[in-house]
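First up is the structure itself, then whatever we jot down about it.
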Amino acid sequence: MSTFSTFAGYQLVSSGDLKRVLEDTKALLDSNSSTEPILIFDHSTGRQVDFDFRGSVEDVLARVGAKDAVEGQTSNKAGKGRPRLGVVPAEVTLLPRHWEWLSAQPAKASGTLRRLVEEARAREGSDPRLRIQALGNLLWSLGGNLPGFEEATRALYAQDRNKFFALSDSWPGDLPAFVRAWLDPEGPRSVPVGAIGAGSASPAPEDQALLEDLYKDTPRQGPGGEAQTEQALQLVRAAGAALGPGSRILDLGCGTGAQTLVLASNTGSEVVAVDLLQGFLDRLGDRVREAGFGGRVKTLRASMDALPFEEGGFDLIWAEGSAYNVGFREGLTAWRRLLKRGGFLGVTELCWFGAGPRPVEVETYWKSEYPAIDTVGAKLRVAEDCGYVPAGFFTLPRTCWIENYYGPLEQGLEPFLARQGHSAEALRVVEGVRSELDLYGRFGAFYGYAFFILQKRE
Ligand code: SAH
């Protein structure tokens, strides 16, 4: 399925499947809150696409014929490089053997042709040369006036990534992170611990809905505990952080907010809680209101590798059970600039406990699911490499995994399957959770989460 992205100026508003992107874009348009031009791009071509936003999102989709439309550039009514989506009749000439083959297919000829085109497009999506061309197209529409634009696009087409990134890193808004993510579609591998189980850095949209359903009633979406969040906060304080009124905390991958509430109730700080899944943020919003934190806790739907914040705005950044989504090293590197001078980062990461040796089964499992897994000592070194001074660390006890996380999750599995009609995808998710749980039961002495408290070095 194609991916789309919407930009308001240089800020990324939404990225994902067409429905999601249309919903988000429509919400922004309806709120009339953006003064920036709003542009939507089709990732497969990098070209801008226009939609008729009248009516509901369903109306918009219906007009597009989203399910089976041949999209974009095939439209002969497209004006000025702004193709409209829609089904367009046109003559096709084929040899008799092609027609014979087509008529032997179960779908009608147009349907079969559309399927073949979509399959070819999906293959092209993984062709690096075509991805570069598509990014080039997108940047021409979006960033033609940016500093160093021509030099950057030359570096892009020459596949000189370092030079391209060196130039594009100075671009405004979400562009630097967006182009990096584009050229590195696999991104860092993710750990099937926490809400985003097996899969890529950002879950596929159809998985997002499943995950929202699976996790929204669990107290947390990854191993951890209130006592441990407090313990980590004490280390931050002991190292000299002032977290009174006027200070700001950024909680990344907050989920439904287990640690957000602890952060808010143990400090006077303003807390900005960020997650990719709106369902989780809505639940957190309810919990914040119930707890009476009113305006002090804000939620924001964004990806933690494309954060819309100014440099140096936060006293403390928090990432419990979530850094793996972008990678420990990658996250530490990217978030450093958002911290004030001498600011702190509290982050948990999956680690080997002890130097080994370990049973082959557990070693093989994690090396394949999360190749970056390493010892606590090695992760401290990574933190030092990334420009932090470790101010403390501890490992999370078993209760954080079993009582706090897997227990409630396991209880919800059957009801979840029932709600999902035992679909193949839901069964796959449940299977993933069960095998992870089984592994922890047998080998939990060999690995777990470590909580790191790190101070930004000058
Ligand atoms: N901190 C919470 C949730 C951990 S699970 C807890 O400990 O309970 C990981 C969370 O990261 C999920 O809520 C998931 O939706 C979120 N997530 C995954 N990829 C993300 C991304 N790229 N940007 C922001 N959040 C992301």
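Three principal axis extents of the chain based on alpha-carbon atoms, in descending order, are 75, 49, 45 Å.
Over segment 344-458, what relative contact order in percent results from Cα pairs under 8 Å that are six or more residues apart? Relative contact order here is 56 percent. Here segment 244-361 is treated as a sphere whose radius is the Kirkwood value from Cα pairs; by Stokes-Einstein at 4 °C and 1.567 mPa s it diffuses with a coefficient of 87 µm²/s.
Binning the alpha carbon pair distances of segment 327-458 at 10 angstrom intervals from zero yields the distribution 11, 34, 29, 20, 6, 0, expressed in whole percent.
Modelled spin-label separation between residue 38 and residue 422, with each label point placed 7 Å from Cα along the Cα-to-Cβ direction: 4.3 nm.
Mean separation of Cα pairs under 8 Å and 6 or more residues apart, divided by the residue count, gives segment 340-390 a relative contact order of 36 percent. Across segment 108-120, rounded Karplus estimates of 3J(HN,Hα) from the backbone phi angles (6.51 cos²θ - 1.76 cosθ + 1.60, θ = phi - 60°) give 5, 4, 4, x, 5, 4, 4, 4, 4, 5, 4, 5, 5 Hz, Gly and Pro being marked x. Near residue 251, the amide H atoms lying under 5 Å from its own belong to 272, 273, 274, 318; only residues 5 or more places off or on other chains count, and H is placed 1.01 Å from N.
Amide H contacts under 5 Å for residue 3: 43, 44, restricted to partners 5 or more places along the chain or on a different chain, H placed in the peptide plane at 1.01 Å from N. Once both labels are modelled 7 Å past Cα along the beta-carbon direction, what's the residue 161-residue 120 spacing in nm? Each label point is offset 7 Å from its Cα along the Cβ direction, giving 2.9 nm.
A full extension of the chain between residue 340 and residue 93 corresponds to an added length of 82.5 nm, given 0.36 nm per residue minus the alpha carbon distance. Short-range pairs are left out: with C-alpha atoms under 8 Å and at least six residues apart, the relative contact order of the chain is 13 percent.
Since only 356, 209, 94 are under comparison, the one whose Cα sits farthest along the positive direction of the charge dipole of the chain, derived from C-beta charges on Lys, Arg, Asp and Glu, is 94. Label sites at residue 52 and residue 300, each approximated as a point 7 angstrom past Cα along Cα to Cβ, lie 3.7 nm apart.
Each reported figure results from applying straightforward, stated rules to the coordinates on display, with no laboratory input. Everything quoted here is computed from the prediction, not taken from an experiment. Positions of Cβ are generated from backbone atoms using ideal geometry, with glycine treated the same way; all protein chains shown enter the neighbour counts.
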